[in-house]
Amino acid sequence: MKVLLINGSPHEKRCTYTALAEVAGSLEESGIQTETAWIGNDPIRGCQACGGCLKEGIVRCTFNDIVNELLDKAEHADGLIVGSPVYYAGANGALLCVLDRMFYSGSSVMRFKPAAGVASARRAGTIPAIDQINKYFQIAQMPVVSSNYWPMVHGRCVEDVKQDLEGLQIMRVLGKNMAWMLNCIESGRHSGSPAPTPENKILTNFIR
């Protein structure tokens, strides 16, 4: 089994990466393979609601960039963890562009896979950022994995994060809990308990 960890920071190996690396190490110790993918620091366009991804059989975004690369990786992973720095009491804007397009065009390949959002901040804004990220998982019917506290680390630099012993423990527990859930799902599958059959979505407007 394998978990994809998405680093949603414009900086490849700083605070957010440090948090994700702690989760990855815990997963690896539990026998789960991991891959960490970085969204990069190139400009990323947001979703334009063009509808190209809604064509039958299409599970990729019309704009072929890092989003489709991440979708390919997510399709072949069994779980997903998304990490983001906090700038203005929320997740990184570039990451939100990525997630908007990933989940609008390809949520079907991530359905029922365990997931978790992780936030890194100097001080505050972590809870709204985690909540933002988790909402993508919830609408895609992905079980959200918890830890022994909300999944966050604090610090302005990598050295600060490494001193956040509670935050690092939260990351390790998150990895263990993710591994446990993956093993439970796999055991259930082998014992004849498949994932639920998705219903066709009913769309209701509030104004008639």
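What to note about this one:
- Straight-distance crosslink candidates among lysines, where the alpha carbon sits under 17 Å from LYS113 and sequence neighbours closer than 8 are dropped: LYS2, LYS73, LYS135, LYS176
- Whichever lysines have a C-alpha closer than 21 Å to that of LYS55, once near sequence neighbours (fewer than 8 apart) are set aside: LYS201
- Proximal charge balance of GLY40 [Cβ under 12 Å; K/R count +1, D/E count -1]: -4
- Built amide H within the under 5 Å cut-off of ILE81, gap 5+: LEU4, LEU5, ILE6, ALA116
- On full extension, the segment bounded by ARG122 and LEU203 gains 25.1 nm, given 0.36 nm per residue less the C-alpha separation.
- Of the GluC sites (Glu not before Pro) found in the range 1-97, those in coil by DSSP whose Cβ has at most 11 other Cβ atoms within 10 Å are GLU56.
- Loop-located chymotrypsin sites (Phe, Trp or Tyr not before Pro) in the range 83-136, at most 10 other Cβ atoms within 10 Å (DSSP): TYR88
- Prolate/oblate/rounded label for the range 117-208 (Cα gyration tensor, a/c 1.5): oblate
- If both residues of a DSSP beta bridge must be in the chain, then about 5% of such bridges are antiparallel.
- Among ASN64, ASN41, ASN148, residue whose mean-square fluctuation peaks in a GNM of the chain (springs only between Cα atoms under 10 Å): ASN64
- Under the combined filter of DSSP loop state and at most 14 neighbouring Cβ atoms within 10 Å, the range 1-70 retains these trypsin sites (Lys or Arg not before Pro): LYS13, ARG45, LYS55.
- In the range 22-132, one over the average inverse separation of all distinct C-alpha pairs is 15.0 Å, which is the Kirkwood hydrodynamic radius.
- Computed extension gain for ASP160 through LYS13, at 0.36 nm per residue and net of the alpha carbon distance, reaches 51.5 nm.
- Of the residues ALA74, ALA195, ALA19, the one that moves most in a GNM of the chain with alpha-carbon contacts below 10 Å is ALA195.
- Put in order of Cβ neighbour count within 10 Å, fewest first, the listed residues LYS176, LYS201, LYS113 become LYS201, LYS176, LYS113.
- The chain: translational diffusion in µm²/s, Stokes-Einstein, Kirkwood Rh over Cα pairs, 10 °C, 1.306 mPa s: 91
Here, each number is a calculation from the coordinates, and none is a lab measurement. Here the structure is a predicted model, which means the values were calculated and not measured. Every residue, glycine as well, gets a Cβ built from its backbone with ideal geometry; the counts of neighbours run over all protein chains shown.
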